[in-house]
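Working notes, beginning with the structure itself.
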Amino acid sequence: MSVAARPVRNPRRRRERLAPFDHALLICVLGLLGFGLVMVASASMSIAESCCGTPFYYVIRHTIALLLGLVGGVLAYRLPLLWWERYGAWLFLFGIFALLVVLIPGLGHSVNGATRWIPLGPFNLQPSEFMKLFAVVYIAGYLVRHADAVANRLSGFIRPMILVGVAGALILMQPDFGTTAVMLATVMGMLFLGGVSVLPFVVLIAVVGAGLVALVFVSPYRMQRVTSFLDPFEDPFNTGYQLSQALIAFGRGEWLGVGLGNGIQKQFFLPEAHTDFLASVIGEEFGLLGTLVLVAAFVFVTWRAFAIGARAQAVGKAFAAHVAQGIGLWIGMQAFVNIGVNVGLLPTKGLTLPFLSYGSNSLIVACVAVGLLLRIDATVRLAQSEAGPRRGLKWVRA
Amino acid sequence: MANPSRRPRRPLESPQRRRPNLVLRRRLLMVGLAVAFVLLGAGVFYRQVVETDFLQTEGERRYLRVAEIPARRGMISDRNGEPLAVSTPVETVWADPRKLVERLDVLPELARDLDLDPQALRERVLAKSERGFIYLKRRIDFDEARAVRELIAREHLAGVDFESEYRRFYPGAEVFGHVIGFTDIEDRGQEGIEFAHDAQLQSEPGLRRVIRDGRKRIVQEVEQLRPPRQGTDLVLSLDRRLQFLAYRELLAAVREHEAVGGTLVALDVDTGEVLAMVNQPGYNPNALRDGGSERRRNRCVTDVIEPGSTVKPLVVAAALERGLVTPTTEIDTEPGYFRVGRNLVRDVHDYGLLDVTGVLAKSSNVGVVKIAQMMEYADLWSLYDDLGFGHVTGIGFPGESPGNLRHYSDWRVFEHATLAFGYGLSVTTLQLAQAYATLAADGIKRPLTLLKREPGAVVPGTRVLSAETARAVRTMMEQVVSEKGTARRAAIAGYRVAGKTGTAKKAGPNGYAGRRYQAVFAGFAPAERPRLVMVVMIDEPHGRSYYAGVVAAPVFQKVMEGALRLFNVPPDNPPPSMLLSGRGGSAL
């Protein structure tokens, strides 16, 4: 409680506080980004050397994406919230358009049987990654515009779900089950937080859940993935291969890990070590300690986002609050699902680890999201300082 | 984490009928997320701490392997250290069929680079497509390895890799092939010295525990389980230069006289070391060994001949030893044939009255039978037996034949006669060389060896004949190489050469039928104190002549001349011109 008293005692520090920055969040995210670069290097070097001739193939690309992401984050930070609120729906429609373009034969770029990219010169655009952010912004705007309908009428709830459902269906056609699941879960979480009445919400969860389960049963490869994650060592050379190798990586890590660069599983045992299974490499090289620090970092980012959202709501900035909570949900869930998949808690699906995994689109979008989050924080702080010190200020320091 | 605080509830929108409790919902969701992350932490803890042993065992099954540390088989060299069989590191190309089945399109090119049958390779890969390892081709040469490397780089081919092995290489090729033999693909000796001394030459690969990556490449060595044991080198008694000379001359003679084969063996009189041992036909142990055993036999050791007239000096030696004759004792060979029981012993011509020296010089069958008949059966047998006929020489060569010498208790009178001129018994050329080496060594029989002896060491032997007898026989044998004898062409300028020809009819399935002969010349030089013994046998010469003096003696002459020079043997019969130029060189 002394925290709350400090601004009163030290007005100069109070002014410093006005510098609109959540330093802890920024440092945490920058730390994750830097750690991600190191781990991508560790995980990809031997693969890169054999496939692409230079061990730095992925490191160079990841670094470029990182720089683009930082630029994107700064731009997002400088963009007024009003812009997002005003153009949120357009962004969302643009995203759906981009998802359609991906699916046009000849335009979309495929890797390993999944068509997720639009080739733009040296850069491959992955609309589904951006769609997660656009959905958050769109739903936040919708919740503000139709708060009454959302809370009291079924239509207010179904309307946004239909649009998001269309986006989800398009992503599912790529196919990208993981991204669809994370996006839908984020949107539903936002609707829940936005005040959707509980009954239709429960019905919707049941329907969506049933739909996802049905999807699993309809396409055999998903069924296989679902069943194989329960015991990957039953068929460790086919369906359980990737997960069993990931689990071995964790098992080898023990408490403190084998040390940076000493991992074996990344040496052509574990596929996608530098993308979807980066957490396994961290688990092997840094052990339980490293993995728990990683989890804690994502918990911190998520909690921080929710805290910013709470403060935004407290100062009456509903749109900002919804966006902040949506970003927190999204990043938290994606990290949870990714690490959960890595340790065999969840069925195997392709999802990147936010801020860390190789994959420029995912990295850039995550940076933009954090830039937006910091902007919200700054805006809220400004509003708070204009309104004068209040009890809620302790959230600043929490 | 949520700090409980009472927050003033502010209306977000227009007046509402129902206000959802947003703070409660947020807390519920955060609790849900917190539970999820706690579960995640628990899952990580389970994998990294609780299940770690099982997972590490599973991992070790995948990446921990026991790999061999290649060890080098012992080198075989000649007496001067020239390599005759060396193991050189080469590459073996192997494949992971599980990966290769996905690239069936590159198989034809791969097969071409490795000189394999594309269809067979394809079938092999498909048949083993569940397996993780097959040898594509072992011990490939440099060009093949380079071609495959380029293919891998060009096609981004996965599942094809190299490992290091040793390959046996024989610099002596055909010249030493029969003696050295060869090893199989597992580096185990199969024939010749490689087989006989396999235990000594063999290396034992070491073992190490290694970590292999997913492409089965070794990325780290964990521990050495057993150090490699390198094979022990072996130094042979053979002299590479002499062997080459002997091979060349024998080959030339076999060609010239249209013979089916031939052998030559040269011994060091003082040590019993084999200095040269060559055969025709030959084979190249470096090449594909498809010649069959016909070409691979070391005939000096494995094949027997009837020695024919080359045993006559031995008969004379036995008689001299017992004081039954002297070199000048006269033997009547008239009329050129001699009845023994119901059979007739013939000479080529009627030589009339010959002394014992003349009997050897002219190679008179009648004369030598008459000398033999002065002795008991046992006298001749025991000399032959003492000289090693009917026994393996102990040279330790695989497949050595002991020859055949019937015990005298089974002899009949005509057999006694034929044994005196070299029929009715069989010996290897090596045995014949050993008998002659005994004569050359003043009657001392020394054990033979293919391994180099300690220089200067005295080699103990057994006395078979008195020194006087041996010298007397050698002196008589010099006449064979004289103008009067049968082997003028064996004479070497500057040296006194002693020897004996033997032209034996070859026994076939139908007895001694047809014009099939084996022409043998056995001799030594210098005659006064012989240093080298050499036996040359030309098998079935089909040219103009088949007489040993014409067919075998010139080979002896050329090779022995070279050998005397190679071993720096001083001339014991320098011609006057040599003496003149030697002494008066500066005066002229």
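The values are calculated or read from the model by the stated rules, or taken from the named source; none is laboratory data. No experiment lies behind these values; they were computed from the predicted model shown. All Cβ positions, glycine included, derive from the backbone under ideal geometry; neighbour counts span all protein chains shown. To get the accessible areas, we keep the full protein, side chains included, count just its heavy atoms, and leave off ligands, DNA and RNA. Shrake-Rupley method; radii C 1.70, N 1.55, O 1.52, S 1.80 Å.
List every residue whose amide H lies under 5 Å from the amide H of residue B:463, counting only residues 5 or more places away in sequence or on a different chain, with H placed 1.01 Å from N in the peptide plane.
Residues meeting the amide H criterion: B:445.
What's the carbon and sulfur percent of chain B's accessible surface, probe 1.4 angstrom, rounded to a whole number?
The value for chain B is 51 percent carbon and sulfur by accessible area.
Over the Cα atoms of the stretch A:290-372, each weighted equally, I'd like the Debye log10 I(q)/I(0) at q = 0.11, 0.27 Å⁻¹, rounded to two decimals.
-0.31, -1.28
Running a GNM on chain A with Cα contacts under 10 Å, which residue among A:214, A:41, A:297 ends up with the highest mean-square fluctuation?
Among A:214, A:41, A:297, the largest GNM mean-square fluctuation belongs to A:214.
What accessible surface, in Å², does a 1.4 Å probe find on residue B:107, ignoring ligands, DNA and RNA and rounding to the nearest 10?
0 Å²
Could you give the radius of gyration (one decimal) and Dmax (whole number) of the Cα atoms in chain B, in Å?
Both quantities, over Cα of chain B: 38.9, 156 Å.
When the C-alpha atoms of the stretch B:269-324 are aligned to their principal axes, what extent does each axis show, in angstrom, from largest down?
Extents along the principal axes: 57, 26, 12 Å.
Spelling out what I want: for every residue of the stretch B:491-501, take phi, set θ = phi - 60°, compute 6.51 cos²θ - 1.76 cosθ + 1.60 (Karplus), and round to whole Hz; glycine and proline get x.
Values per residue, Gly and Pro as x: 5, 10, 4, x, 10, 8, 10, 10, x, 8, 8 Hz.
How big is Rg to Rh over chain A, alpha-carbon atoms, Rh as the Kirkwood inverse-mean-distance radius? Before the final figure, lay out each step's value.
Working: Rg = 21.4 Å, Rh = 22.0 Å.
Ratio of gyration radius to Kirkwood radius: 0.98.
Please report the accessible area of residue B:337 (heavy atoms, 1.4 Å probe, ligands and nucleic acids excluded) in Å², nearest 10.
Its heavy atoms expose roughly 110 Å² to the probe.
Sequence gap at least 6, Cα distance under 8 Å: using those rules, report the relative contact order of chain B to the nearest whole percent. Could the numbers behind the result be given before it?
Numbers: 1201 pairs, mean separation 76.3, N = 588.
In percent, rounded to a whole number, it is 13.
Taking just the C-alpha trace of the stretch B:120-265, give me its Rg and Dmax in Å.
Rg, Dmax (Cα atoms, Å): 21.6, 65.
Tell me which of B:236, B:200, B:214 sits at the most positive position along the dipole axis of the stretch B:198-256, charges placed on C-beta atoms (Lys, Arg +1; Asp, Glu -1).
B:214
Using only the Cα atoms of the stretch B:107-176, what do you get for the radius of gyration and for Dmax, in Å?
Looking at the stretch B:107-176, its Cα Rg and Dmax stand at 14.3, 46 Å.
Heavy atoms only, 1.4 Å probe, whole protein assembly: order B:350, B:539 by accessible area, highest first. Walk me through the numbers on the way to the answer.
Working: B:350 80, B:539 15 Å².
Largest accessible area first, the list is B:350, B:539.
What list of whole percents do you get for P(r) of the stretch A:282-338, with Cα-Cα distances grouped in 10 Å bins up to the one holding the largest distance?
Each 10 Å bin holds this share of Cα pairs: 27, 39, 22, 10, 2.
When the helices in the protein assembly as shown are scored as -39500 (n - 2.57) per DSSP H run of 4 or longer and the sum is shared across all residues, what 222 nm value do you end up with, to the nearest 500 deg cm²/dmol?
Details: 38 runs with 498 residues, N = 986.
Here the helix-only value at 222 nm equals -16000 deg cm²/dmol.
How large is the accessible surface of residue B:393 in square angstrom, using a 1.4 angstrom probe and rounding to the nearest 10?
Near enough 20 Å² of accessible area.
At a 1.4 Å probe radius, which order do B:58, A:234 fall into by accessible area, largest first?
On the way: B:58 20, A:234 145 Å².
The ordering from most to least exposed comes out as A:234, B:58.
Note down the relative contact order for the stretch B:259-353 as a percent, whole number, built from C-alpha pairs under 8 angstrom at least six residues apart. Write out the running numbers ahead of the final one.
On the way: 84 pairs, mean separation 14.9, N = 95.
Rounded, it is 16 percent for the stretch B:259-353.
Express the accessible area of chain B per residue in Å², computed with a 1.4 Å probe while the remaining protein chains stay in the model. Display every interim value, and only then the final one.
Working: 26710 Å² over 588 residues.
Roughly 45 Å² per residue, with all protein chains present.
Pairwise over distinct Cα atoms, reciprocal of the mean inverse distance: report the Kirkwood radius of the stretch B:442-573 in Å, one decimal place.
Values: mean 1/r = 0.0623 Å⁻¹.
Evaluated on the stretch B:442-573, it is 16.0 Å.
Work from the charge dipole of the protein assembly as shown (Cβ charges, +1 for Lys and Arg, -1 for Asp and Glu, about the Cα centre) and give the residue of A:267, A:204, B:421 farthest towards its positive end.
Of the listed residues, the answer is A:204.
Am I reading the B/A interface right? What is its buried accessible area, both sides, 1.4 Å probe, to the nearest 100 Å²? Can you show the working numbers first?
Working: alone 29260 and 17840 Å², together 42230 Å².
Adding both sides of the contact gives about 4900 Å².
Given DSSP loops and a limit of at most 16 other Cβ atoms within 10 Å, what is the longest stretch of chain A that contains no such chymotrypsin sites (Phe, Trp or Tyr not before Pro)? Provide the component values of the computation, followed by the final result.
Working: sites that count: A:21, A:56, A:237, A:255.
After excluding every exposed loop site, the longest remaining stretch is A:57-236.
What fraction of the Cα pairs in the protein assembly as shown, stated in percent, has a spacing above 41 angstrom? Mind dumping the intermediate values first?
Values: 288474 of 485605 pairs.
Tail of P(r) above 41 Å: 59 percent of Cα pairs.
Under unit Cβ charges (Lys, Arg +1; Asp, Glu -1), what dipole magnitude, rounded to 20 debye, does the stretch A:216-293 have relative to its Cα centre?
On the way: 4 positive and 8 negative charges, 24 e Å.
It comes to approximately 120 debye.
How are the C-alpha pair distances of the stretch B:235-280 spread across 5 Å bins, as whole percents from the shortest bin up?
So the P(r) values, bin by bin, are 5, 24, 27, 19, 13, 8, 3, 0.
Sorted by average packing, counted as other Cβ atoms within 10 angstrom per residue and highest first, what order do B:186-195, B:123-132, A:106-115 take? Show your work: numbers first, answer last.
Values: B:186-195: 20.7, B:123-132: 14.3, A:106-115: 11.9.
Highest to lowest by the protection proxy: B:186-195, B:123-132, A:106-115.
Can you count the Lys pairs in chain A whose Cα atoms are under 23 Å apart, with each pair 8 or more apart or on different chains?
4
Based on Cβ point charges of +1 for Lys and Arg and -1 for Asp and Glu, what charge dipole magnitude is obtained for the protein assembly as shown about its Cα centre, in debye rounded to the nearest 20? Write out the running numbers ahead of the final one.
Working: 111 positive and 90 negative charges, 1484 e Å.
Approximately 7120 debye in magnitude.
Below 28 Å, Cα to Cα, which lysines can residue B:362 reach? Residues fewer than 8 away in the same chain don't count.
Leaving aside lysines fewer than 8 places away in the same chain, those within reach of residue B:362 are B:312, B:370, B:445, B:484, B:500, B:505, B:506, B:558.
Among B:369, B:443, B:135, flag the residue with its Cα farthest along the positive direction of the charge dipole of chain B, charges on Cβ as +1 for Lys/Arg and -1 for Asp/Glu.
Farthest towards the positive end: B:135.
Among A:351, A:37, A:292, which one moves the most in a GNM of chain A with springs linking Cα atoms closer than 10 Å?
Looking only at A:351, A:37, A:292, the biggest GNM fluctuation is shown by A:292.
Based on Cβ point charges of +1 for Lys and Arg and -1 for Asp and Glu, what charge dipole magnitude is obtained for the stretch A:59-181 about its Cα centre, in debye rounded to the nearest 20? Intermediate values should be presented prior to the final figure.
On the way: 8 positive and 4 negative charges, 25 e Å.
It works out to roughly 120 debye.
Normalised by the residues of the stretch A:233-357, what does the relative contact order come to in percent, with Cα pairs under 8 Å and at least six apart? Before the final figure, lay out each step's value.
Numbers: 175 pairs, mean separation 32.3, N = 125.
That works out to 26 percent.
What's the whole-number percent of alpha carbon pairs in the stretch B:242-363 lying beyond 18 angstrom? Write down the numbers at each step before the final one.
Values: 5093 of 7381 pairs.
Roughly 69 percent, once rounded to a whole number.
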